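The values are calculated or read from the model by the stated rules, or taken from the named source; none is laboratory data. Fair warning: this is a prediction, and the values are worked out from it, not measured in the lab. Here Cβ is always computed from backbone atoms with ideal geometry, including for glycine, and neighbour counts include all displayed protein chains. Protein only, heavy atoms only, side chains kept; ligands, DNA and RNA dropped before computing areas. Shrake-Rupley method; radii C 1.70, N 1.55, O 1.52, S 1.80 Å.
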Amino acid sequence: MFFKSKKSLGQNFLIDRNILELIVDTVKITNKEILEIGPGSGNLTSFILKKNPKKVYTIEKDDELALLLQDKFNNEITIINEDVLKVSEEKISNEKLTVFGNLPYNISTEILSKWIVNIDKDFWFESLVLMFQKEVADRIIAESNTSKYGRLSILSNWKLNIKKIVDIKPQSFSPRPKVDSTLLLFTPRENFFELKEAKNLEMITRVFFSQRRKMLKKPFNQIFKDSKSVSKKFNIDLNLRPQNLEPEMYFKLVKEYESLRN
Ligand code: SAH
């Protein structure tokens, strides 16, 4: 294949057959509608097709790769030659999709955040099997009271259950990335905490975690007029730090903020 991989598009292709096998064994594919983000040269796509999916949609931004894929798979797959950040995934199919993605690392958190924020009660997907740079995956799965816990963990935990599948070494890719990777599985949380606006959660966690070493007093005073009564209501010690509060508590604080504003 005459193709020079583009660094700007985060092109590191998976070449390790054991890992490719493991990825497609993470969730059921047979008879399901699949969406693959960034199929690249189609390595993972081939493994997906071997499992007899009902249909495969792919989103690939690179025009050159989109043509290569068309050539390689003909009408076996539907290629959406666009930027994933601009696609409305919920409109792709009426069926719930099973999503795979060896995501370009420079936009992986942006994609995940976009999906979480846009989800309504009817999830458009059944599961997400996504590859991240290990350092980012560690932040997504981090629990409270740890140094990696923060905005990304809270946002992800809001609407999704998260399971770590496996760490993957640079040798499994070509060209080799500089960092380790991690495969995560996300499934919908059926009863997630309802908020008026996701942007309030983003704003409040930003205020708290932009000063993660400071005591809670400070962000509390910035967010709430009467921070004493709010902290009392939720039984929060304002001498603690942002990382000491569970995700659930942040959702409650956002709800309180939203109701106080009306
Ligand atoms: N899944 C393939 C390739 C992963 S590399 C494999 O495992 O072998 C990441 C892929 O995402 C590349 O094909 C790149 O062209 C594509 N990509 C990068 N940015 C994108 C974007 N904004 N929207 C859709 N695809 C993108």
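Which of the lysines could a cross-linker bridge to residue 228, judged by Cα under 22 Å and excluding same-chain residues fewer than eight apart?
Here the lysines satisfying the reach criterion relative to residue 228 are 214, 217, 218, 252, 255.
At a probe size of 1.4 Å, how large is the accessible area of residue 120, to the nearest 10 Å²?
90
What is the list of residues in segment 11-43 whose amide nitrogen lies under 15 Å from a point 7 angstrom out from the Cα of residue 164, following Cα to Cβ?
From segment 11-43, the list is empty.
Quick one: what are the phi-derived ³J(HN,Hα) couplings along segment 177-189, Karplus 6.51/-1.76/1.60 with θ = phi - 60°, whole Hz, x for glycine and proline?
x, 7, 10, 6, 10, 9, 9, 10, 10, 10, 10, x, 8
Through the Karplus equation 6.51 cos²θ - 1.76 cosθ + 1.60, θ set to phi - 60°, convert the phi angles of segment 101-115 into ³J(HN,Hα) values in whole Hz; use x for Gly and Pro.
So the Karplus estimates, Gly and Pro as x, are x, 8, 6, x, 4, 5, 10, 4, 6, 5, 5, 4, 4, 4, 5 Hz.
Under a straight-distance cross-link criterion of Cα-Cα below 19 Å, which lysines are reachable from residue 114, leaving out those fewer than 8 residues away in the same chain?
61, 86, 91, 96, 159, 196, 199
For residue 125, enumerate residues with amide H under 5 Å from its amide H, sequence gap 5+ or separate chain, H modeled in the peptide plane.
97
For residue 78 and residue 18 in the same chain, what is the full-extension length gain: residue separation times 0.36 nm, less their Cα-Cα distance, in nm?
19.0 nm
Which is farthest toward the positive dipole end of the chain among 115, 67, 30, measuring Cα position about the Cα centre, with Cβ charges +1 (Lys, Arg) and -1 (Asp, Glu)?
115
Show the residues, 5+ positions off or on another chain, whose built amide H is closer than 5 Å to the amide H of residue 13.
Sorted by chain and number, the residues that satisfy this are 174.
Note down the relative contact order for segment 7-188 as a percent, whole number, built from C-alpha pairs under 8 angstrom at least six residues apart.
Relative CO of segment 7-188 lands at 22 percent.
Obtain the nm distance between the two label points defined at residue 206 and residue 63 by a simple spin-label model: each point lies 7 Å from its Cα along the Cα-to-C-beta direction.
3.5
Answer with one residue from 149, 210, 136: the one whose Cα lies farthest towards the positive end of the charge dipole of segment 131-241, charges on Cβ with Lys, Arg +1 and Asp, Glu -1.
Sorting the options by dipole projection puts first 210.
Suppose R0 equals 22 Å. What FRET efficiency, 1/(1 + (r/R0)^6) with r the Cβ-Cβ distance, do residue 134 and residue 6 give to the nearest 0.05?
With R0 = 22 Å, the Cβ-Cβ based efficiency is 0.45.
What is segment 198-261 by shape, rounded, prolate or oblate, if you read a ≥ b ≥ c off the alpha carbon gyration tensor as root eigenvalues and call it rounded for a/c under 1.5, prolate for a/b larger than b/c, and oblate otherwise?
Rounded, because the longest to shortest axis ratio a/c is under 1.5.
Amide H to amide H under 5 Å from residue 36: which residues, 5+ apart in sequence or cross-chain, H placed 1.01 Å off N in plane?
Close amide H contacts, sequence-distant or interchain: 57, 58, 59, 100.
How much accessible area does residue 205 have with a 1.4 Å probe, in Å² rounded to the nearest 10?
Probe radius 1.4 Å; accessible area of residue 205 about 10 Å².
As a test of the formula, what do you get for the chain when each DSSP H run with n ≥ 4 contributes -39,500 (n - 2.57) and the sum is divided by the residue count, at 222 nm and rounded to the nearest 500 deg cm²/dmol?
Result for the chain, helices only: -10500 deg cm²/dmol.
Starting at the first residue of segment 226-235, write each ³J(HN,Hα) from the Karplus equation 6.51 cos²θ - 1.76 cosθ + 1.60 with θ = phi - 60°, in whole Hz, x for Gly and Pro.
10, 5, 4, 5, 5, 5, 5, 3, 9, 6
Taking square-rooted eigenvalues a ≥ b ≥ c of the alpha carbon gyration tensor, is segment 1-102 rounded, prolate or oblate, where a/c under 1.5 means rounded and, failing that, a/b exceeding b/c means prolate?
oblate
For residue 55 and residue 261 in one chain, what is 0.36 nm times their gap in residues minus the Cα-Cα distance, to one decimal in nm?
69.5 nm
Given points 7 Å out from each Cα along the Cα-Cβ axis, report the residue 85 to residue 70 separation in nanometres with one decimal.
The two pseudo-label positions are separated by 2.5 nm.
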